[in-house]
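Since the structure comes first, as structure tokens, the remarks are kept for the end.
Readers should treat all values here as calculations from the given coordinates under stated rules, not as data from a laboratory. Keep in mind it's a predicted model, so treat the numbers as computed, not measured. Quick reminder, even Gly has a Cβ in these numbers, built from the backbone with ideal geometry, and neighbours come from all protein chains shown.
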Amino acid sequence: MSSQYAVEMINIHKTFPGGVYANQGVTLKVKRGEVHGLLGENGAGKTTLMNILYGLLNRDKGEIIINGEHVEFESPTDAISKGIGMVHQHFKLIPPLTVVENVVLGSEPIFGRTFGRGIIGKIMRALMPIDIKMAVEKIIQIAEENGLHIDPYAKVQDLSVGLQQRIEIIKTLYRKADILILDEPTSVLTPQEVDELFETLKEFRKAGKTIILITHKLRETMALCDRITVLRDGKLIGTVERDNTSPEDLAQMMVGRPVVFMVDKGISSPGDVVLKVQDLHVKDYRGLESVKGISFEVKAGEIFGVAGVEGNGQTELVEAITGLRKPTDGVIIIDEVDVTSKSPRFVREVGMSHIPEDRQKMGLILAFTIKENLILGRHYRPPFANGPKNMLLNLDRINEISDDLVSKFSIKTSSSDAFAETLSGGNQQKVVVARELAVAPKLIVAAQPTRGLDVGATEFIRNTLIKMRNAGSAILLVSAELDEVRNLSDRIGVIYDGKIVAIRGPDATPEELGLLMAGHVQGVD
Amino acid sequence: MNASELSDAQKSGIGQRIENWILGLAKKVTDPSYRKQFIWSFASIVLALLVSSLIMLIAGYDPGLAYVYLAIGAFSRMDLVLYYATPLILTGLSVALAFKCGLFNIGAEGQLYIGSMAAALMGYLIALPIVIHPLACLAIGAIAGGLWGFVPGLLKAYRGAHEVVTTMMLSYTAILLTGWLVSSNGPFWDGSMVPRTPPLLDTALLPPLWGYSLHTGLILSIIAVFAVDFLINRTVLGYEMRAVGLNPDAAEYGGINSKRNIAIAMGLSGGLSGLAGSEEIMGTYGKFVANWSPGLGWDGITVAVLGNNSPWGVLAAAIFFGGLRAGGNTMHQVVGVPIEMVSVIQGLVVLFVAAPRIINWLVDNGNTIFKSMKEDPFEPSINLVSSILGLAILMLGLGMITSLYSLPSFTWINAATALVYVLVAILGVMIFIVYWSKRPDAGWFMLLAAVLWTIAGVLEIIGAGMSALTSFILAIFTFVLWLADRLIGRLLVTKKEDDIE
């Protein structure tokens, strides 16, 4: 315990099969009792480094020292036993189970003695009933000590995202973690929830716990962290004190060049109405009405932003407009054609392009090549198809056009024959954007277009959207990131509980929009 | 002059195309993921043969001799190999095509029966001129099989009925229905003792190609490989099917009608199976006989799995299985191993292909053992020797059991001895596993083996068995290895401590 560092990772190397360097000689030293920011663009190797620390991945080379002690982790169980806890970006919870069941999962307290670590102990532990009451008491104790209030008997599926994250934190505390790793913890939270989380983390710091915060958001880093380590392309760029740096410096370290935060988009000159939505009602996959009477218009040459906390009907609104979900009531008109309840192909033929919110689940076929992904949605008609009744793929033209798109949108890949799954997140999104914007669409529906992307790719995609606006496309932008909506939009509609509760200009303050997003309509109006 | 220039241009165009095609093929073959797939398939085959040899040992056959005659049988009768492969290519393609669209067509057998029945009816009820007649029979067989696959496709697409259930049920329906049609109560019975149709007209038969049994159906099967490859990779329909199979959400997002594609894929898949049935009836049987198929449709599933659902892989896998069948005959005649052994091998191959983690585990641990051998030869070589000894113990244990069979009287002592050998054999597998994965507590298994061998030796003496000496030798051998493991372990620990000091 002589060392002042809680975690020392020295000269870590990790190469993934296929020769991708995730970490090249990274050294990370985290002092006991500090909040340490691990900053970098997507694909910089932050999560890989932390997965190595947490025992999820093996390193190729390097040393790990926890509290002055050399360690070898074969699995997260080993890491947990050394007091390391990790809250993943995507929560590892089982929605139908209760809070307490989720918390104890994997280390269930059982009646009676522990029966040792051998095979008999394993069998007995599997057979003995779980002492839920004891677990509940412990959870309540943890909750009270740390101000993480929660109902232990509530089912996870009924809880908000913020509370689910709280369960993940309680889970680590339940396992007696004093080194906490948080992977992009704010990406799913409302501004208010982010503030709450930060308060909790500050409490932890006071209590002497060590926190490692993985993030690519500069505002958070500056608000919370004591020291910051920046990674780029799997390499260590440097570790700096918060007080000796600025967001601009950090951004430059992350990207390797100066970054402009505000996009200069110029004044919009709206033309005719392209998208008209009238009194739209849509049910979600559970059969519950999640869009409850939305009406709005988007004009040519204008970006209409929809701001809101996720899960307030945005997904269903987008799916209804793009033809993926049939609305129960209402009318959708694109370019004077009624597209209500029409097929996705019909809506696309009218001139709609769609950047979906989940590029891996919907926007791309990961096991297809880049080429094959670049023709999706237009593959059935010339120039991509030819022959009798356009039944054959025109491979020559597909090659030409996709090579052209790859260079035009600077998609980083060895060849357009590479599989989409080999690309980084930013380049995957570029493939989607290239495909959707290559046809000069009349209407672009962009849902969370920069989610999970690094600064460089975000900048690129935002600029592309503005270019499309200036060229006369109508753009419906749905985003959970308030900054993005404010930066890009000419008009902002705030969605709450399936309704557009207010439409504001781009000069609306974040505080006002934040309150509207949280449902405080009366107070503002 | 213009004309010659044009033809030159055309030629270079075609030359270019062929060159591109060959380059593409070369690229595909050298692709790491393709190579990995190939290694997997090959390793699966080797593993399956190893495990099968254990089974043969238990049953009292000589696996070495069996495999030699299996190989001789396969290579000396290439015509038979291709003959067995002919229908398997088509049923394999059938399953693979459905799989490309994300569907498990388990009912290739039923589609094959319906197709063959339709082809037989066309072949003996309607008179048509040569060439036209077989083509008509094949067409009608493919259509009938296609419809039999199209129905579950429609049910899946528009009613959500799972295709595994519906195709399998329709399979039994097809087999029983065709059986009834040619039974003595059915309309198409030929009046003989056997439930079958009258023979096909001569004009409807597929002419022989080479040797006794190989018929022109082979050419059709190979054309089908090209056709399916073209369909999957070069047409809009194939693109859409693959998209639906790989990511239905993205396909729908891209404006692809997944329902339509599912129905069509199942229809085409059924058509290929129907074609396989028609070919067999027209090329081999000459008439429809109830229950004629030796499970060609079911084997199609295994062929598709081994061929990784790619048309060319299916072709190779079908020829491999054809080789097993052809060689199996020779193996049966010369060594006396039952022909069913071929099905065992086939099943094991698919088991290992479908469970790539087994092979990954073997390869990964083998790699670490050989890598650490360079740094420090003691420990890994103990692991290696012990793993091999584990396998040897398994073989010997099984061999001992068979040697007990041959004793004139089988007393309870001998039964107990056999039981100990079974335990020893199981222990052999475990020794291999624990040493191969370098578990720290592996030594105890070795000690237990030494004890068991000693018990076996004592029992052999009491029961007047013949292998007491072998057992004692092995007991000593395992004991020494356990000791060596412990001793070297101790030495290494002290050595490391010295180093630190």
Checklist entry - Quick one: length gained pulling A:Gln157 to A:Asn390 fully straight, 0.36 nm per residue minus the C-alpha distance? => result 79.2 nm
Checklist entry - Cα extents of the range B:357-500 along the three principal axes, largest first, in whole Å? => result 61, 35, 18
Checklist entry - How many partner chain Cβ atoms sit within 10 Å of a residue's Cβ in peptide B:242-252, on average, as a whole number? => result 6
Next on the checklist: Using the Kirkwood radius over C-alpha pairs as Rh, can you work out the diffusion coefficient of chain A via Stokes-Einstein at 37 °C, viscosity 0.692 mPa s, in µm² per second?
Outcome noted: 130
Checklist outcome for this item: Pairs over 28 Å Cα to Cα, from A:Lys217/A:Lys442; A:Lys29/B:Lys374; A:Lys217/A:Lys412, come to A:Lys217/A:Lys442; A:Lys29/B:Lys374
Next on the checklist: Need one number for the range B:343-417: average projected area of the convex hull over its C-alpha atoms, nm².
Outcome noted: 7.9
Item to check | For the range A:444-525, the spread of Cα positions along each principal axis, largest first, Å | outcome: 37, 27, 23
Checklist entry - Any idea how far apart B:Met78 and A:Asp78 come out in nm if each label point goes 7 Å out from Cα toward Cβ? => result 5.5
Item to check | Note, ³J(HN,Hα) from phi for the range B:364-369, Karplus 6.51, -1.76, 1.60, rounded to Hz, x at Gly and Pro | outcome: 4, 5, x, 4, 5, 4
Next on the checklist: Pairs of alpha-carbon atoms within less than 8 angstrom and 6+ residues apart define the contacts here; what relative contact order does chain B have, in percent?
Outcome noted: 22
Item to check | Estimated 222 nm signal from helices in chain A, with DSSP H stretches of n ≥ 4 weighted -39500 (n - 2.57), rounded to 500 | outcome: -9500 deg cm²/dmol
Next on the checklist: Cut-off 18 Å, label point 7 angstrom out along Cα-to-Cβ of B:Leu487: give me the residues of the range B:384-398 whose amide nitrogen falls inside.
Outcome noted: B:384-386
Checklist entry - How far apart, in nm, are the 7 Å Cα→Cβ label points at A:Glu289 and B:Ala227? => result 5.4
Next on the checklist: So for chain A, averaging the separation of alpha carbon pairs under 8 Å that are six or more residues apart and normalising by length, what relative contact order in percent results?
Outcome noted: 15
Item to check | Calculated [θ] (222 nm, deg cm²/dmol) that DSSP helices of n ≥ 4 give over chain B, each run adding -39,500 (n - 2.57) | outcome: -27000 deg cm²/dmol
Checklist entry - Counting pairs of alpha carbon atoms under 8 Å apart in space and at least six apart in sequence, what relative contact order in percent does the range B:357-500 give? => result 24
Checklist entry - For A:Gly271, what charge total do you get from the other residues with a beta carbon under 10 Å from its beta carbon, if Lys and Arg give +1 and Asp and Glu give -1? => result -1
Item to check | Translational diffusion coefficient (Stokes-Einstein; Kirkwood radius from C-alpha pairs) of the range A:211-259 at 10 °C, 1.306 mPa s, in µm²/s | outcome: 146
Checklist outcome for this item: Cα-based Rg and Dmax for the range B:194-234, in Å, come out at 15.0, 47
Next on the checklist: Skipping prolines and chain starts, which residues have an amide H placed within reach, meaning under 5 Å, of the one on A:Tyr496, given they are 5 or more residues away or on another chain?
Outcome noted: A:Val501
Checklist entry - If the limit is 21 Å between Cα atoms, which of A:Lys265/A:Lys499; A:Lys292/A:Lys467; A:Lys61/A:Lys235; A:Lys408/A:Lys467; A:Lys155/A:Lys209; A:Lys155/A:Lys292 go over it? => result A:Lys265/A:Lys499; A:Lys292/A:Lys467; A:Lys155/A:Lys209; A:Lys155/A:Lys292
Next on the checklist: Can you tell me which aspartates and glutamates have their Cα less than 16 Å from the Cα of A:Lys92? Leave out same-chain residues fewer than eight positions away.
Outcome noted: A:Glu101, A:Asp158, A:Glu168, A:Asp183, A:Glu184
Next on the checklist: If I histogram all Cα-Cα distances within the range B:163-240 using bins 10 Å wide from 0, what percent of pairs lands in each bin?
Outcome noted: 15, 19, 33, 26, 6, 0
Checklist entry - Quick one: which of B:81-89, A:288-296 comes out on top by average Cβ neighbours within 10 Å, and what's the full order, highest first? => result B:81-89, A:288-296
Item to check | the range A:241-247 - phi-based ³J(HN,Hα) in whole Hz, Karplus 6.51/-1.76/1.60, Gly and Pro as x | outcome: 7, 4, 6, 9, 9, 9, x
Checklist entry - Where q = 0.22 Å⁻¹, what log10 of I(q)/I(0) comes from the Debye formula for the range A:360-414, counting one point per Cα? => result -0.87
Checklist entry - Separation of the range B:154-207 and the range B:335-382 by C-alpha centroid, Å? => result 42
Checklist entry - For A:Arg325, which sequence-distant residues (separation of 5 or more, or a different chain) have an amide H within less than 5 Å of its own amide H, given hydrogens modelled in the peptide plane? => result A:Ala320
Item to check | Karplus 3J(HN,Hα) series, Hz, for the range B:431-446 with 6.51 cos²θ - 1.76 cosθ + 1.60 (x for Gly, Pro) | outcome: 4, 4, 5, 5, 6, 5, 8, 6, 6, x, 8, 5, x, 4, 5, 5
Checklist entry - At a Förster distance of 30 Å, what's the computed FRET efficiency of B:Ala71 paired with B:Met430, Cβ-Cβ distance as r, to 0.05? => result 0.40
Item to check | Amide H within-cut-off set for A:Ile355, under 5 Å, with H built and near neighbours excluded | outcome: A:Val445, A:Ala446, A:Ala447
Checklist entry - Tell me, what is a quarter of the convex hull surface for the C-alpha atoms of the range A:333-373, in nm² with one decimal? => result 3.6
Checklist outcome for this item: Quarter of the surface of the C-alpha convex hull for the range B:40-354, i.e. direction-averaged projected area in nm², equals 17.0
Checklist entry - If you project the alpha carbons of the range B:28-108 onto their three principal axes, what span does each projection cover, largest first, in Å? => result 45, 31, 26
Checklist entry - Expressed as cubic angstrom per residue, what is the convex hull volume of the alpha carbon set of the range A:170-274? => result 183
Item to check | Inter-site label distance for B:Val458 and B:Ile132 at 7 Å from Cα along Cβ, in nm | outcome: 8.7
Next on the checklist: What's the ranking of B:167-180, A:367-380 by average number of surrounding C-beta atoms within 10 Å, highest first?
Outcome noted: A:367-380, B:167-180
Next on the checklist: I need the calculated FRET efficiency for the pair B:Phe370 and B:Ile55, taking r as the beta carbon distance and R₀ as 35 Å, to the nearest 0.05.
Outcome noted: 0.75
Item to check | At 0.692 mPa s and 37 °C, Stokes D of the protein assembly as shown from Kirkwood alpha-carbon radius, µm² per second | outcome: 97
